[in-house]
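Notes follow the structure.
The values are calculated or read from the model by the stated rules, or taken from the named source; none is laboratory data. These figures come from a predicted structure and were not determined experimentally. Note that we place each Cβ from the backbone using ideal geometry, even for glycine, and neighbour counts take in every protein chain shown. Please note that ligands, DNA and RNA were not included when accessible areas were found on the heavy atoms of the full protein model with its side chains. Shrake-Rupley method; radii C 1.70, N 1.55, O 1.52, S 1.80 Å.
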Amino acid sequence: MKSTSLEEGFIVRHVEGRMPVDGNVSDAVALLEAMSFDDACDFVSAYARKSVDGGHGDDAVALLSGIASHEAPGDTLLIRAALKQVIAAVLIEQDDIDGALDCIVEALKLLSENAKSKDVRFRSVLASLLYDLATVHAARNEYSAAERTIERSISIFDNLAKSNPQRYGSAHVYALKSATSIYRSRIKQVNLLAHYQVATSTYLSMAVDGAPAAVGKLVDSLVNEAETLLKLGKPRDAVRNLSRALKYLDKTEDSFTLRKLKVSVMLGTALLHTFSTRQKGVHLLNTLLQKAKKMGATAQQEQIERLLDENTSSLIDMLSRWHKMFSRK
């Protein structure tokens, strides 16, 4: 099970989460409006935890989404962001990583519109949201992004725990444990990268000496190296490796094969990770989408459509800018 902010003991909760039996949104809203912000957050988190454990996570997502969409007077940005944060945690526990990421980005957008960025309630929601975002990045093998995200979560929980250790001390410890796991994964990727770099040098020498079989292995090694570089947050280096791999493939494969399509999609993905090359990536992926349709490559078609959707929905922009939008203090 992936670690999320819904884990028992993450934040000490003093309220039982018993929603109306019929799941009526209006009744649930009235129930939460009668509580303080902290009690409402505890209530919603406890309800979500019980729902997931009881196999009713989808029901919790539906009800909480309805509450978040409910029209209410006053400034509800922070409340809606807190609800989105809990929904994202439920989706993570149900292995819906893409859905969780979309929900987290929505919550970050709501927080970016809130002027009270130094408010304790704001900081607690942001810290929990970043904790869950780090889990999402790790699940997507984005270890550099996961490190940066969990480190900010640790910093915020550290400050919160100093003023209220009973409530936030445990969350600070959870964040530290999560960071340890992420660091270990990154070290494994660094070691793997060194292995692929040695293999690439070996196969390159063999290919230069005229060994035809070495070209295929060289391409595989370049692709593996590029994939690892992306996980480590080095998209420019990944682009160089993938471009080299495609040049070698052109020498051995006259037609546009499924293998070329897969490597080209990886190249498009890497281009999306850097602002200056993002439009090149979008253009390449749009071209590849038509090729994938003609080839009947359903898996690649769906992958390309998802990547283009993430780009057009400003998801990538928000994930690359959130650390500049929220003060460290």
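Testing Asn141 on (1) part of a helix (DSSP H, G or I); (2) open to solvent by 10 Å² or more (accessible area, probe 1.4 Å), one condition comes back false. Which one is that?
Among (1) part of a helix (DSSP H, G or I); (2) open to solvent by 10 Å² or more (accessible area, probe 1.4 Å), the lone unmet condition for Asn141 is (1).
Please work out if Ala88 is touching an Asp or Glu at 6+ places or on another chain (Cβ under 6 Å) and closer than 27 Å to Ser69 by Cα.
Values: touching an Asp or Glu at 6+ places or on another chain (Cβ under 6 Å): yes; closer than 27 Å to Ser69 by Cα: yes.
The answer is yes for Ala88.
With Leu289, Leu307 as the choices, which residue is modelled with pLDDT of 95 or more and assigned to a helix (DSSP H, G or I)? Step through it out loud before you land on a result.
On the way: Leu307 fails: modelled with pLDDT of 95 or more.
Residue meeting the stated conditions: Leu289.
Picking from Ser181, Ser112, Ser124, Ser155, which residue would you name as being of a type in the set (Ser, Thr, Tyr) and open to solvent by 60 Å² or more (accessible area, probe 1.4 Å)?
Ser181
Give just the number: which of (1) part of a loop (DSSP other than H, G, I, E, B); (2) open to solvent by 30 Å² or more (accessible area, probe 1.4 Å); (3) not acidic (Asp, Glu) does Leu31 not satisfy?
If we test Leu31 against (1) part of a loop (DSSP other than H, G, I, E, B); (2) open to solvent by 30 Å² or more (accessible area, probe 1.4 Å); (3) not acidic (Asp, Glu), just (1) comes out false.
So which residues in segment 58-76 are surrounded by fewer than 20 Cβ atoms within 10 Å (Cβ to Cβ) and under 22 Å from the mean Cα position of the chain (by Cα), if there are any at all?
Going through segment 58-76, the residues surrounded by fewer than 20 Cβ atoms within 10 Å (Cβ to Cβ) turn out to be 58-59, 62, 65-66, 69-76.
Once the filter is applied, which keeps residues that are surrounded by fewer than 20 Cβ atoms within 10 Å (Cβ to Cβ) and under 22 Å from the mean Cα position of the chain (by Cα), segment 58-76 yields Asp58, Ala62, Ser65.
What is the one condition in (1) out of contact with any His (no Cβ under 9 Å at 6 or more places or on another chain); (2) under 30 Å from Ser128 (Cβ atoms); (3) open to solvent by 20 Å² or more (accessible area, probe 1.4 Å) that Asp254 does not satisfy?
In the conditions (1) out of contact with any His (no Cβ under 9 Å at 6 or more places or on another chain); (2) under 30 Å from Ser128 (Cβ atoms); (3) open to solvent by 20 Å² or more (accessible area, probe 1.4 Å), Asp254 misses (2) alone.
Within segment 89-128, how many residues turn out to be of a type in the set (Gly, Ala, Ser), closer than 18 Å to Met325 by Cβ and part of a helix (DSSP H, G or I)? Walk me through how you get there before you give the answer.
Taking segment 89-128 and keeping what is of a type in the set (Gly, Ala, Ser), we get 89, 99-100, 107, 112, 115, 117, 124, 127-128.
Within this subset, residues satisfying the condition of being closer than 18 Å to Met325 by Cβ are 107, 112, 115, 117, 124, 127-128.
Applying the additional criterion that residues be part of a helix (DSSP H, G or I) yields 107, 112, 124, 127-128.
Count: 5.
Scanning segment 198-239 for residues that are hydrophobic (A, V, I, L, M, F, W, C) and not in a helix (DSSP H, G or I), which turns out modelled with the lowest pLDDT?
Going through segment 198-239, the residues hydrophobic (A, V, I, L, M, F, W, C) turn out to be 198-199, 204, 206-208, 211, 213-215, 218-219, 222-223, 226, 229-230, 232, 238-239.
Those still in the list that are not in a helix (DSSP H, G or I) too: 211, 232.
Numbers: Ala211: 66, Leu232: 90.
Here the residue is Ala211.
Quick one: is Leu176 touching a helix residue (DSSP H, G or I) at 6+ places or on another chain (Cβ under 7 Å) and under 30 Å from Phe10 (Cβ atoms)? Steps first, please.
Working: touching a helix residue (DSSP H, G or I) at 6+ places or on another chain (Cβ under 7 Å): yes; under 30 Å from Phe10 (Cβ atoms): yes.
When the stated conditions are applied, Leu176 passes them.
Only residues that are in a helix (DSSP H, G or I) and either farther than 22 Å from Thr200 by Cβ or not acidic (Asp, Glu) (or both): list them for segment 240-256, please. Quick ask: steps written out before the conclusion?
To start, the set of residues in segment 240-256 that are in a helix (DSSP H, G or I) comprises 240-252.
Arg240, Asn241, Leu242, Ser243, Arg244, Ala245, Leu246, Lys247, Tyr248, Leu249, Lys251, Thr252 - these are the residues of segment 240-256 that are in a helix (DSSP H, G or I) and either farther than 22 Å from Thr200 by Cβ or not acidic (Asp, Glu) (or both).
Answer with yes or no whether Ala171 is part of a helix (DSSP H, G or I), more than 18 Å from Asp38 (Cα to Cα) and open to solvent by less than 60 Å² (accessible area, probe 1.4 Å). If you could, list the steps in order and put the result at the bottom.
On the way: part of a helix (DSSP H, G or I): yes; more than 18 Å from Asp38 (Cα to Cα): no; open to solvent by less than 60 Å² (accessible area, probe 1.4 Å): yes.
Considered against the rule, which asks whether it is part of a helix (DSSP H, G or I), more than 18 Å from Asp38 (Cα to Cα) and open to solvent by less than 60 Å² (accessible area, probe 1.4 Å), Ala171 comes out as no.
Go through segment 257-281 and count every residue that is open to solvent by less than 30 Å² (accessible area, probe 1.4 Å), of a type in the set (Val, Ile, Thr) and either assigned to a helix (DSSP H, G or I) or in contact (Cβ under 8 Å) with a residue 60 or more places away in the chain (or both). Step through it out loud before you land on a result.
Pass one, segment 257-281, residues open to solvent by less than 30 Å² (accessible area, probe 1.4 Å): 260-261, 263-265, 267-272, 274, 278, 281.
Checking the rest, the ones that are also of a type in the set (Val, Ile, Thr) come to 263, 265, 269, 274.
Next, only the ones that are either assigned to a helix (DSSP H, G or I) or in contact (Cβ under 8 Å) with a residue 60 or more places away in the chain (or both) stay: 263, 265, 269.
The total comes to 3.
Scan segment 181-190 and tell me whether some residue there is free of Cβ contacts under 8 Å to residues at least 40 places away in the same chain, under 14 Å from Thr228 (Cα atoms) and assigned to a helix (DSSP H, G or I). Walk me through it before giving the result.
Taking segment 181-190 first, the residues free of Cβ contacts under 8 Å to residues at least 40 places away in the same chain are 183-184, 187-188.
This time we only want the ones that are under 14 Å from Thr228 (Cα atoms), so: 187-188.
Filter once more, so that each one left must be assigned to a helix (DSSP H, G or I): 187-188.
Yes, because at least one residue in segment 181-190 is free of Cβ contacts under 8 Å to residues at least 40 places away in the same chain, under 14 Å from Thr228 (Cα atoms) and assigned to a helix (DSSP H, G or I).
So which residues in segment 52-88 are outside any helix (DSSP H, G or I) and closer than 19 Å to Ala30 by Cβ, if there are any at all? Working first, answer last.
Our first condition is that a residue be outside any helix (DSSP H, G or I); within segment 52-88, this holds for 54-56, 70-76.
His70, Glu71, Ala72, Pro73, Gly74, Asp75, Thr76, listed by residue number.
Quick check: is even one residue across segment 16-31 closer than 30 Å to Leu176 by Cβ, of a type outside the set (Lys, Arg) and modelled with pLDDT under 90? Before you say what the answer is, go through the steps one by one.
Taking segment 16-31 and keeping what is closer than 30 Å to Leu176 by Cβ, we get 16-17.
Cutting the leftovers down to of a type outside the set (Lys, Arg) gives us 16-17.
If we keep only those that are modelled with pLDDT under 90 too, we end up with 16-17.
Yes: one or more hits.
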